[in-house]
Amino acid sequence: MEQHLSQYRIFYEVARCGNISRAAKELYISQPAISKAIGKLEENLNTRLFNRNSRGVQLTREGNILFQHISTAFEAINRGEKELKRIHDFHIGNLKIGVSNTLCKYVLLPYLKGFVEKYPHVNISIESQSTIHTLEMLEAGKIDIGLVAEPKTKKGLTFSPVMEIRDGFVCTPSYMENLLLREGASPNIFQTGNIILLDRSNMSRKHVDSYLADNQIEVNQLLEVTDMTLLIEFARIGLGIACVIEDFITNDLSDGTLIEVPLEVPIPRRIIGFAYHSQDMSDTLKEFLDFCRNS
């Protein structure tokens, strides 16, 4: 079949044009080459496909049967080529991203805004979930890319850093004033304050728990929440001392809405970035990564 494909293409064009000279112009080959190819195809099929006359060529009954089948095949090929060209010209594609609510709001959204403006025909779906779930979906091939804190074990993933983040404990000035008034000048905030942390399924919480264990810090009164945005809001209304990603509350810290609680040993910084499989990347994923790198 493969060795006769060019002959079928020539047959299709000659039948469609009804004239060898017009088909030669369409195919950019000589008329003798077309005649030779048609003759070879008729020989291979042991069937006469055209009747020749002074006005051109006309399909025989057998030739017409073959043309009906050939037309379906080549028209499907033409539709496929046009669809690929459309995809290429309009940058049509699909992108599945896994990200936590916190990183989506504070890190991913600015990238998405610019990317969608540049590539409006890309279909983007967001899996809003924990970092642990994002890494599991990446490993299973259910998403294209994840925005996560750099994992200790990458399991074949490529990690492209985006930013460094700093965790810290913050509260309102009034909460700290009342705590000092009640407990004295140098209280142990972890024993006397209301400490607000993310729940234990969150990667940020695991990072903080590791810090607390390494420094032999015990929390006496603990409030757990499931979302960083809610945690920040609790801190803003003076509910307690919250462990937050300080890079996401720079305005609160600069205008004095929240203040940082000093620690003897700072919490180690973390790296946020995109994790993905670098093998067999789609063109859309490559475009997204290039856009993010250049933004």
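The values are calculated or read from the model by the stated rules, or taken from the named source; none is laboratory data. Bear in mind that the values here come from a model prediction, so they are computed numbers and not experimental data. Virtual Cβ from ideal backbone geometry, glycine too; neighbours counted across all protein chains shown.
If I go through segment 72-108 residue by residue, how many of them are in a helix (DSSP H, G or I), small (G, A, S) and over 20 Å from T284 (Cβ atoms)? The number of residues fulfilling the criteria is 2.
For (1) more than 29 Å from T134 (Cα to Cα); (2) of a type in the set (A, V, I, L, M); (3) touching a His at 6+ places or on another chain (Cβ under 6 Å), each residue gets a yes or a no:
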| site | (1), (2), (3) |
| --- | --- |
| R205 | no, no, no |
| L230 | no, yes, no |
| I259 | yes, yes, no |
| S278 | no, no, no |
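Collect the residues in segment 123-160 that are charged (D, E, K, R) and either out of contact with any Lys or Arg (no Cβ under 6 Å at 6 or more places or on another chain) or more than 10 Å from K96 (Cα to Cα) (or both), keeping them in residue-number order.
Kept after step one, since they are charged (D, E, K, R), are these residues of segment 123-160: 127, 136, 139, 142, 144, 150, 152, 154-155.
Matches in segment 123-160: E127, E136, E139, K142, E150, K152, K154, K155.
Taking segment 238-255 as the search range and keeping residues that are in contact (Cβ under 8 Å) with a residue 24 or more places away in the chain and β-branched (V, I, T), which one is farthest from E224 (Cα to Cα)? Give the derivation first.
Narrowing segment 238-255 to residues in contact (Cβ under 8 Å) with a residue 24 or more places away in the chain: 238-249, 252-253.
Now restrict to residues that are β-branched (V, I, T): 241, 244-245, 249.
Details: I241: 12, V244: 12, I245: 16, I249: 19 Å.
The residue in question is I249.
Residues in segment 213-226 that are in a strand (DSSP E or B) and in contact with a helix residue (DSSP H, G or I) (Cβ under 9 Å, 6 or more places away or on another chain): Q221, L223, E224, V225.
Assess whether D255 counts as being surrounded by fewer than 15 Cβ atoms within 10 Å (Cβ to Cβ), more than 31 Å from the chain's Cα centre (by Cα) and under 25 Å from V107 (Cβ atoms).
In short, yes.
Applying the condition of being in a strand (DSSP E or B) and among the hydroxyl-bearing types (S, T, Y) to segment 109-140 and asking which residue is nearest to D283 (Cα to Cα) yields S125. Tell me which of these L109 doesn't satisfy, since it passes every other one: (1) modelled with pLDDT under 90; (2) out of contact with any Ser or Thr (no Cβ under 8 Å at 6 or more places or on another chain). All conditions pass for L109, except number (1).
For T153, the conditions (1) under 30 Å from D280 (Cα atoms); (2) hydroxyl-bearing (S, T, Y); (3) at pLDDT 95 or above all hold with the exception of (3). Take the conditions (1) in contact with a Gly (Cβ under 9 Å, 6 or more places away or on another chain); (2) free of Cβ contacts under 8 Å to residues at least 24 places away in the same chain; L181 misses just one of them, which is (1).
Out of curiosity, is S201 closer than 19 Å to V261 by Cα, in the same structural domain as P262 (by TED's automatic domain parsing), out of contact with any His (no Cβ under 8 Å at 6 or more places or on another chain) and at pLDDT below 95? No.
Can you give me the number of residues within segment 262-289 that are farther than 16 Å from F159 by Cβ and of a type in the set (V, I, T)?
As a first pass, look at segment 262-289 and keep what is farther than 16 Å from F159 by Cβ: 262-268, 280, 282-284, 286-287.
Adding the requirement that they be of a type in the set (V, I, T) leaves 265, 267, 284.
Adding up the residues that qualify gives 3.
Do any strands (runs of 3 or more DSSP E) entirely within segment 146-212 hold 1 or more residues that are surrounded by fewer than 18 Cβ atoms within 10 Å (Cβ to Cβ) and touching a strand residue (DSSP E or B) at 6+ places or on another chain (Cβ under 6 Å), and if so, which?
Values: elements: 158-165, 167-171, 194-198.
Per the criteria, 158-165.
Of all the criteria given as (1) touching a helix residue (DSSP H, G or I) at 6+ places or on another chain (Cβ under 9 Å); (2) surrounded by fewer than 17 Cβ atoms within 10 Å (Cβ to Cβ); (3) farther than 30 Å from C292 by Cα, the one not satisfied by R55 is (1).
Quick grid of which residues meet (1) surrounded by 12 or more Cβ atoms within 10 Å (Cβ to Cβ); (2) of a type in the set (V, I, T); (3) at pLDDT 85 or above:
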residue	(1), (2), (3)
L49	yes, no, yes
N64	yes, no, yes
E75	no, no, yes
H91	yes, no, no
N94	yes, no, yes
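Looking at segment 263-295, which of its residues are assigned to a helix (DSSP H, G or I), exposed (fewer than 15 other Cβ atoms within 10 Å of the Cβ) and of a type in the set (D, E)? Matches in segment 263-295: D283, D290.
From the list G39, G18, G80, which one is surrounded by fewer than 17 Cβ atoms within 10 Å (Cβ to Cβ), out of contact with any His (no Cβ under 6 Å at 6 or more places or on another chain), of a type outside the set (S, T, N, Q) and on the phi > 0 side of the Ramachandran plot?
G18
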